[in-house]
Amino acid sequence: MIDGLGYFGVLFRIVLPLSRPALATVGLYTAVFFWNNWFYSLIYLKTDQYPVMMLLRNIVNGGTTIAADCRQSAPAISIRSAVILVSSVPIILLYPFLQKYFVESIYIGAVKE
């Protein structure tokens, strides 16, 4: 193999460092998909235990909420805005840590020989 490396050496020292930007991009998109996934819980779950995004969706849409003591009319616009902000914060906090990989992948794709 290359310079006496085995298969795992080639994987960990050559392949993974070169594919780090692609893995970070796919990881971020996968995290955003699963964080915003409320549709499957709407279809498959019939209990009182819903994921957070399902509860947030019900609050934003003004429908009935899951808790029995919160069955009021549609919440005010300030409550809806706060719910949207709170649900966006985890992804907003994750993006700066992965931004350098996006820039690196742009540079790798732009280098022409």
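The values are calculated or read from the model by the stated rules, or taken from the named source; none is laboratory data. Note that this is a predicted model, so its numbers are computed, not measured. All Cβ positions, glycine included, derive from the backbone under ideal geometry; neighbour counts span all protein chains shown.
Scanning the range 36-51 for residues that are in a helix (DSSP H, G or I) and in contact with a helix residue (DSSP H, G or I) (Cβ under 6 Å, 6 or more places away or on another chain) yields a count of 1. Flag set for residue 69, criterion: in a helix (DSSP H, G or I), out of contact with any Leu (no Cβ under 7 Å at 6 or more places or on another chain) and modelled with pLDDT under 75. Close Cβ contacts (under 7 Å, 6 or more residues apart or on different chains) running from residues in the range 82-98 that are of a type in the set (Lys, Arg) and surrounded by 12 or more Cβ atoms within 10 Å (Cβ to Cβ) to residues that are assigned to a helix (DSSP H, G or I) and at pLDDT below 80 are absent. Is it the case that residue 32 is modelled with pLDDT under 85 and either part of a loop (DSSP other than H, G, I, E, B) or surrounded by 11 or more Cβ atoms within 10 Å (Cβ to Cβ) (or both)? Spelling it out, residue 32 is indeed modelled with pLDDT under 85 and either part of a loop (DSSP other than H, G, I, E, B) or surrounded by 11 or more Cβ atoms within 10 Å (Cβ to Cβ) (or both).
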